[in-house]
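Here is the structure we will look at.
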Amino acid sequence: MTRLTGKAKDKKRKDNQKAKKIHRQRYLKSLRAEILTHDSSELSEVSVDLTKDDDVEFIQKMKKVLCSTPYGVGLAANQIGETKRVIVLRTDSDSRLVKAMINPVILKKSDETEVRFEGCLSYPGEHCPISRSLEVEVSYTDEKWAQKTGEFVGLEARILQHEIDHLDGICKVKDSSEAVELNETSEQPT
């Protein structure tokens, strides 16, 4: 067996890097393909509480799927076909830090609201102005089954309201008569 040197070694290294990049792109595309879109029946179903006896492996899958999206900041379990009350979120689409919330319930919403453009991974390309409370108090269970309550403001509050709507079979992006189609050069909404 001969050892590669010089240009041949450099070409082999570049070919390996290109093959890894192509493999990674295919893997990410396959993860994004897990997201149910448009008229999938699971998107309009009301999700049921997750219990300690349920299989929870899908939560890791949800995190991977969310991280595979370029703009996604939240995902509900029914968006990947699991009709359980679980959401995952990240406040920055570049972040790999993803928080899971099991059986989340909004306890309180602020009266103060804000209208912002919203999109949805299950309705790609559709965006519309949606009014959401600026602050919410949410009760949930973490992945270690510890009961938590937290107050969330701004983008986190918006993400939580959007994803908890999904768990209740609601998608305001789909249901809005004001949805607009944005092209790739348009500013990405929150």
task = Within segment 21-28, identify whether any single residue is in contact (Cβ under 8 Å) with a residue 12 or more places away in the chain and of a type outside the set (F, W, Y), and answer yes or no.
result = yes
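Can you work out which of the residues in segment 135-173 that are among the β-branched types (V, I, T) and touching a strand residue (DSSP E or B) at 6+ places or on another chain (Cβ under 9 Å) is modelled with the lowest pLDDT?
The first filter runs over segment 135-173 and keeps only residues among the β-branched types (V, I, T), leaving 136, 138, 141, 149, 153, 159, 164, 170, 173.
Keeping just the survivors that are touching a strand residue (DSSP E or B) at 6+ places or on another chain (Cβ under 9 Å) gives 136, 138, 141, 149, 153, 159, 164, 173.
On the way: V136: 98, V138: 98, T141: 97, T149: 98, V153: 97, I159: 97, I164: 98, V173: 84.
Out of the qualifying residues, it is V173.
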request  = Select from segment 5-42 the residues that are among the charged types (D, E, K, R) and open to solvent by less than 100 Å² (accessible area, probe 1.4 Å) and write down the one among them that is nearest to G169 (Cα to Cα).
outcome  = E42
Residue, nearest to R158 (Cα to Cα), within segment 80-114, restricted to residues that are at pLDDT 95 or above and open to solvent by 80 Å² or more (accessible area, probe 1.4 Å) = K109
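Identify, from the list T83, T91, T37, the residue that is in contact with an Asp or Glu (Cβ under 9 Å, 6 or more places away or on another chain), among the polar types (S, T, N, Q) and under 14 Å from H166 (Cβ atoms). Spell out the reasoning first.
Numbers: T91 fails: under 14 Å from H166 (Cβ atoms); T37 fails: in contact with an Asp or Glu (Cβ under 9 Å, 6 or more places away or on another chain).
The conditions single out T83.
Tell me, which residue of segment 115-149 that is of a type in the set (G, A, S) and exposed (fewer than 14 other Cβ atoms within 10 Å of the Cβ) is farthest from L43 (Cα to Cα)?
First, pick out the residues of segment 115-149 that are of a type in the set (G, A, S): 119, 122, 125, 131, 133, 139, 146.
Those left that are additionally exposed (fewer than 14 other Cβ atoms within 10 Å of the Cβ): 125, 131, 146.
Details: G125: 17, S131: 21, A146: 28 Å.
The residue in question is A146.
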task = Taking L155 as meeting all but one of (1) surrounded by fewer than 17 Cβ atoms within 10 Å (Cβ to Cβ); (2) among the aliphatic types (A, V, I, L, M); (3) in contact with a helix residue (DSSP H, G or I) (Cβ under 7 Å, 6 or more places away or on another chain), write down the number of the exception.
result = (3)
task = Could you check how many residues of segment 43-55 are surrounded by 12 or more Cβ atoms within 10 Å (Cβ to Cβ) and among the charged types (D, E, K, R)?
result = 3
query = Quick one: how many residues across segment 30-47 are touching a residue at least 12 places away in the same chain (Cβ under 8 Å), part of a helix (DSSP H, G or I) and farther than 17 Å from K63 by Cβ?
reply = 3
query = Checking L97 against (1) farther than 13 Å from E163 by Cβ; (2) in a strand (DSSP E or B), which single condition isn't satisfied?
reply = (2)
ask   = Quick check: is even one residue across segment 174-186 at pLDDT 95 or above, open to solvent by 40 Å² or more (accessible area, probe 1.4 Å) and more than 18 Å from K84 (Cα to Cα)?
value = no
ask   = Just to be sure, is D165 free of Cβ contacts under 8 Å to residues at least 24 places away in the same chain, outside any strand (DSSP E or B) and touching a helix residue (DSSP H, G or I) at 6+ places or on another chain (Cβ under 7 Å)?
value = yes
query = Checking I59 against (1) assigned to a loop (DSSP other than H, G, I, E, B); (2) open to solvent by less than 20 Å² (accessible area, probe 1.4 Å); (3) among the β-branched types (V, I, T), which test does it fail?
reply = (1)
request  = Please find, among L66, L75, the residue that is within 23 Å of A157 (Cβ to Cβ), under 11 Å from the mean Cα position of the chain (by Cα) and assigned to a helix (DSSP H, G or I).
outcome  = L66
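The values are calculated or read from the model by the stated rules, or taken from the named source; none is laboratory data. Since the model is a prediction, treat every value here as computed from it, not as a measurement. For neighbour counting, all protein chains shown are included, and Cβ atoms are generated from backbone atoms with ideal geometry for every residue, glycine included. Quick note on the areas: whole protein, heavy atoms, side chains included, nothing else; ligands and nucleic acids left out. Shrake-Rupley method; radii C 1.70, N 1.55, O 1.52, S 1.80 Å.
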